[in-house]
Protein chains: 2
Amino acid sequence: MFTPSGFKFAGVHCKIKRKRKDLGIIFSEVPCVAAGVFTTNVVKAAPVIYDMEILKKNSNGIRAVVVNSGVANACTGEQGMINARRMAEKTAEELGVPVESVLVSSTGVIGVQLPMDKVENGIEEAVKVLSDDPLPFAEAIMTTDTKVKMHSTRVTIDGKEITVLGIAKGSGMIHPNMATMLSFITTDAKISEEALKKLLKLSVDDSYNMIDVDGDTSTNDMVIVLANGLAGNTTIQPETDGFWKLYEAVHEVNQVLAEKIVEDGEGATKVIEAHVVNAPDMKSARLIARSIVSSNLVKTAVYGEDANWGRIIAAAGYSGAAFDPNKLDLFFESEAGRIKVAENGQGVPFDEEEAKKILSEKKIKIILDMKQGKEAAKAWGCDLTEKYVEINGRYRT
Amino acid sequence: MFTPSGFKFAGVHCKIKRKRKDLGIIFSEVPCVAAGVFTTNVVKAAPVIYDMEILKKNSNGIRAVVVNSGVANACTGEQGMINARRMAEKTAEELGVPVESVLVSSTGVIGVQLPMDKVENGIEEAVKVLSDDPLPFAEAIMTTDTKVKMHSTRVTIDGKEITVLGIAKGSGMIHPNMATMLSFITTDAKISEEALKKLLKLSVDDSYNMIDVDGDTSTNDMVIVLANGLAGNTTIQPETDGFWKLYEAVHEVNQVLAEKIVEDGEGATKVIEAHVVNAPDMKSARLIARSIVSSNLVKTAVYGEDANWGRIIAAAGYSGAAFDPNKLDLFFESEAGRIKVAENGQGVPFDEEEAKKILSEKKIKIILDMKQGKEAAKAWGCDLTEKYVEINGRYRT
């Protein structure tokens, strides 16, 4: 794992959760330009409301992010806002930085107030153990995640080596009341505020916004990117060569993390990738790709390794996109091969045994060739299993 | 079961399916005024396309509906359209009525052509056994439905006794590739074309459009109402007293049938009713009620008898409606009692044992008091169980 210059990480166990790490800090030695994308849910957790405000006021002076798991600080009213602010204050005090340079994030049970004594102790502990190793932070933000989710990459811009590191958590709205997809991207690139915002928005639209586990949008989702400029490149401006190079690097990180999230979806046994090609427009391509990976009937069919293509065509049909259904060709693909199952909107004869073999792999691609335009989009989801029902039906009680 | 004057019914086994009845006919002795509401899926089955055309041309001269189960006649291209038309022609021939007076409907596997020899034999058989008993028809349109779905009621308008009978099928998009909610309403009321259309639209918006099993909108959904006028009342015009009386009767039938559909949802053990009250507007009320009953996380929580209210608030939040989350009060209610779980968008202490008892009943009401307006809406769904996954993951293969 590459770590960008000037960033430190920590993760500790402050006893919000019984055993596992539950409080983490990312710290930059110098102020960062920052951008964020937040949940579209009308019901926003306190840290989401808090951070949106901070980024409005101080998006080029961010020094740290403090995150807890175990309690989401959502549906917690005024006390929740006070607690979110206090998390930032305490972190700022311990780090010796201004309070408005600290972002806050939470994930866990909805409707419970944060145990602030534990949180404050955790912050003290975490600041003491800050280091170059991002792993403890990645562990501290996990809830029912079964795997740590990190990815890093390097790119040369302007003769300078730039590092991008992303750390994420989420397996959909996995936990009963554990409803969060969080992702924190750090980079030592030097970039303007405007360029960073654009770059993040572009990348999120084709990564985190194209994944589905159970169709439930959380109250706490956030993606934050911090760029501290220590790589020493000339400031990257929108739409320049450097911009697109950094975009590629950040986007690689985001796509890898997004895919890791669906791979770790609750109860999931397979990743489903819907690839819509030759669509009439980008919006339709995205709507259709998302609709396919979000359909319970597609998810259960993939779980059952059943080449049940009618469900895929039906999901495209109710996606909200307008198109000609009589032009659609449909394929299943995996490491075991590729098979055409429909042509011009109608079924074609195929070998059920071969289809079964293709669907028995861990990653299943569904390729929908719309033959009515030039645009394309990919979305990722996981299958729906008895285990998902078990986990989500039985957890809290 | 009351049967409206002048209607005859039949259901036979023509061997599209292995054992159970699979072809049904509704026949009216005199021409009916008819109205229909059809799937919004871009991918429409051949019978849907065919009927939309017929109702445009001849909505006051309908004599019969012919329905098969086992094959949906969807994603079947030109041959599918030829077969839909042939079903109407054969039925018209056997009944001695004009071809444009016959509507067609299908439900079953997507992407397979209808075995027309069997269908035609079935039509011949069915016409021979037409009778006052609607039960064989109700049986013939079932796919994985475990229960027959019929309801009838009577109302006096204009001094005349008017009967409304509805027959439906569906348990969501139950079957892999068996994707249909069908409902056929017959009445002997005399009503203008315009009034019948309005009445059906109004009622469908608060009944079939407010139910969810698995979020998958089928290619074959249709609701058809036939009014033959034999009750002898003066023709009902829009927005009159008679209109509202007939609306009440039709709506009772539609709501009962809609609820029977979710009760029979694949693998379902409970019915969930979301009742949104004091909403800022009707559109928001409907969006929120539907979002709650469609959430996989709400469905699994109800299945697990877990008073996991954060998931409900979150589902309201991502419904697409705009509202103030800090005003929401939330209650669970069943035959075992009623409990408040949240107030002003925050949790309140409640007895977990009492909540468990309330949630252990077969029908669970979720009441969301938004305290920000006067509008209300109800939606119905079912829980999500391991059995749903089993049925939909394993069926076709």
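The values are calculated or read from the model by the stated rules, or taken from the named source; none is laboratory data. Just so it is clear, the model here is predicted, and its values are computed rather than measured. In this analysis, Cβ positions are derived from the backbone assuming ideal geometry, glycine residues included, and neighbour counts consider all displayed protein chains. Only protein heavy atoms, including side chains, enter the accessible area calculation; ligands, DNA and RNA are left aside. Shrake-Rupley method; radii C 1.70, N 1.55, O 1.52, S 1.80 Å.
Listing for the model above:
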quantity: Qualifying residue in region A:15-33 (condition: in the same structural domain as A:Gly80 (by TED's automatic domain parsing) and within 21 Å of B:Ala322 (Cβ to Cβ)); calculated: no
quantity: Positions within region A:285-295 being within 12 Å of chain B (Cβ to nearest Cβ) and open to solvent by 10 Å² or more (accessible area, probe 1.4 Å), in sequence order; calculated: A:Leu287, A:Ser291, A:Ser294
quantity: Subset of region B:181-209 [assigned to a helix (DSSP H, G or I), open to solvent by less than 10 Å² (accessible area, probe 1.4 Å) and either touching a Lys or Arg at 6+ places or on another chain (Cβ under 9 Å) or under 23 Å from B:Met150 (Cβ atoms) (or both)]; calculated: B:Leu196, B:Leu199, B:Leu200, B:Ser203, B:Val204
quantity: Check on B:Glu333, within 11 Å of another protein chain (Cβ to nearest Cβ) and charged (D, E, K, R); calculated: no
quantity: Lone unmet requirement of (1) open to solvent by less than 10 Å² (accessible area, probe 1.4 Å); (2) of a type in the set (Asp, Glu); (3) not in a loop (DSSP other than H, G, I, E, B) for B:Glu259; calculated: (1)
quantity: Enumeration of residues in region A:360-371 that are more than 15 Å from A:Ala289 (Cβ to Cβ) and within 14 Å of chain B (Cβ to nearest Cβ); calculated: A:Ser360
quantity: Complete set of residues in region B:298-320 that are outside any helix (DSSP H, G or I), open to solvent by less than 10 Å² (accessible area, probe 1.4 Å) and either more than 7 Å from chain A (Cβ to nearest Cβ) or touching a residue at least 60 places away in the same chain (Cβ under 8 Å) (or both); calculated: B:Ala307
quantity: Counted residues, region B:137-171 - those being within 26 Å of B:Val71 (Cα to Cα), open to solvent by 30 Å² or more (accessible area, probe 1.4 Å) and not basic (Lys, Arg); calculated: 5
quantity: Qualifying residue in region B:348-367 (condition: over 23 Å from B:Val262 (Cβ atoms) and among the β-branched types (Val, Ile, Thr)); calculated: yes
quantity: Residue within region A:228-248 that is away from chain B (no Cβ under 12 Å), closer than 15 Å to A:Ala377 by Cα and surrounded by fewer than 18 Cβ atoms within 10 Å (Cβ to Cβ) present; calculated: no
quantity: Hits in region A:120-141 - residues which are farther than 18 Å from A:Val48 by Cα and in a loop (DSSP other than H, G, I, E, B); calculated: A:Val129, A:Leu130, A:Asp132, A:Asp133, A:Pro134
quantity: Failed criterion for B:Asp212 (all others in (1) charged (D, E, K, R); (2) within 13 Å of the chain's Cα centre (by Cα); (3) open to solvent by less than 10 Å² (accessible area, probe 1.4 Å) hold); calculated: (3)
quantity: Flag if A:Ile391 is at the interface with chain B (Cβ under 9 Å from one of its Cβ atoms) and open to solvent by 40 Å² or more (accessible area, probe 1.4 Å); calculated: yes
quantity: Residue check for A:Thr269: open to solvent by 10 Å² or more (accessible area, probe 1.4 Å), in a loop (DSSP other than H, G, I, E, B), farther than 30 Å from A:Ile358 by Cβ and of a type in the set (S, T, N, Q); calculated: no
quantity: Inter-residue pairs, beta-carbon under 6 Å, first assigned by TED's automatic domain parsing to the domain that holds B:Arg63 and in contact (Cβ under 8 Å) with a residue 12 or more places away in the chain and in region B:225-237, second part of a loop (DSSP other than H, G, I, E, B) and open to solvent by 50 Å² or more (accessible area, probe 1.4 Å), 6+ apart; calculated: B:Gly229/B:Lys190; B:Leu230/B:Ser5; B:Asn233/B:Asp158; B:Asn233/B:Lys190; B:Thr234/B:Asp158; B:Thr235/B:Lys190
quantity: Strands (runs of 3 or more DSSP E) contained entirely in region A:333-397, each with at least 2 residues that are touching a Gly at 6+ places or on another chain (Cβ under 8 Å); calculated: A:337-343, A:375-382
quantity: Failed condition for A:Trp380, given (1) within 14 Å of chain B (Cβ to nearest Cβ); (2) within 30 Å of B:Asp306 (Cβ to Cβ); calculated: (1)
quantity: Matching option when the condition is open to solvent by 60 Å² or more (accessible area, probe 1.4 Å) and free of Cβ contacts under 8 Å to residues at least 24 places away in the same chain, among A:Lys356, A:Lys327, A:Lys340; calculated: A:Lys340
